[in-house]
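First comes the structure, then the notes that go with it.
What follows draws every value from the coordinates through simple rules; no lab data is involved. Since we're looking at a predicted model, the values are computed, not measured. A quick note on method: Cβ atoms are made from the backbone with ideal geometry, for glycine too, and the neighbour counts reach across all protein chains shown.
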Amino acid sequence: MVILKRQDVKIITVNHKDQQVPILTYQGQTFRLIKIFSASQPEEALNLWRDLTDHQGKACVLLREDDRHSIWGKVHLEQAIDPRKQSGAIIQAILLITQAVYADLEDMLGARQMNLFSQELAKSLNKAKVPHVENLTSQVLSINPLTSLNLPAWEESHLVIIMQELYRVAKLYFGNSNFAQDIRSLLRDLPEQEDFCQWLDKNGLVKFWHP
């Protein structure tokens with residue numbers, strides 16, 4: 001994507017969860033704000049934009065203004081204002097991460113420990129009243145999160161609990177938190193990877209899971 005100036009684009013706001021969300025439009029495409037840099041940080045903005053576009057394959061624009069620089073990621077407008085579409089991407093990301101944790105546990109500790117881990121995780125999620133975790137192992141491992149049309153119907157509060165409990169129980173089994181480092185590599189095929197990382201930050205989960 002190109003580097004844009006203010007006169008090249010139109011910025012509107014939409015209501016999302018009682019908040020005003022800025023949306024940039026350019027040549028019929030819509031973009032949601034990822035990060036703002038001050039006027040004195042042009043190189044930092046350029047480096048992040050290049051990393052997102054060149055290395056991570058993201059559709060992003062860099063907007064340069066007199067008083068700031070900002071990076072925007074491409075999004076469908078209905079996704080920006082419909083939390084159900086957003087939560088679908090979050091669920092996909094969480095399933096991908098959970099599958100990776102399961103696979104690493106089985107490789108390191110064997111199938112028996114992986115099954116015990118699954119039982120303990122399901123027990124803690126049941127206690128927290130998270131639905132659809134009765135057959136967690138078969139459910140999580142048997143679907144492709146990127147293509148499945150039958151993702152678990154978890155609400156945002158459930159998703160936060162899942163990430164908290166997944167971290168807590170996995171740390172007990174692994175003995176460390178290395179599994180929670182650099183999770184971007186697990187999400188390389190997820191177009192909404194940046195949205196998920198922002199969601200982690202918004203919900204205070206980056207202290208456990210590190211993009």
### Task
May I ask for the angle, rounded to the nearest 10°, between helix 111-127 and the longest principal axis of the chain, with both axes built from Cα atoms and the value confined to 0 to 90°?
70 degrees
### Message
Helix-only mean residue ellipticity at 222 nm, the chain, DSSP H runs n ≥ 4 weighted -39,500 (n - 2.57), per residue, nearest 500. What is it?
### Response
-14000 deg cm²/dmol
### Prolate/oblate/rounded call for region 129-189, Cα gyration tensor, a/c under 1.5 rounded
oblate
### Query
Among (i) 22.0, 86; (ii) 19.0, 61; (iii) 19.3, 69, which one is Rg and Dmax of the Cα atoms in Å computed from these coordinates?
(ii)
### Summary
For region 181-211, listing trypsin sites (Lys or Arg not before Pro) in a DSSP loop whose Cβ sees at most 11 other Cβ atoms within 10 Å gives ARG188, LYS207
#### Entry: Cβ-based net charge around CYS60, under 11 Å, with every Lys or Arg adding one and every Asp or Glu removing one
+2
### Task
Between beta-carbons, use under 14 Å as the cut-off and find the net charge around THR137, counting Lys and Arg +1, Asp and Glu -1.
-1
### Query
Which values of log₁₀ I(q)/I(0), to two decimal places, follow from the Debye formula for region 83-202 at q = 0.17, 0.18, 0.19, 0.22 Å⁻¹ with a uniform point scatterer at every Cα?
-0.84, -0.95, -1.08, -1.49
### Query
In this model, which of LYS171/LYS202; LYS58/LYS129; LYS35/LYS129; LYS58/LYS171; LYS35/LYS202 are farther than 25 Å apart at the alpha-carbon?
LYS58/LYS129; LYS35/LYS129; LYS58/LYS171
#### Entry: Using alpha-carbon coordinates, inclination of helix 156-174 to the longest axis of the chain, degrees
60 degrees
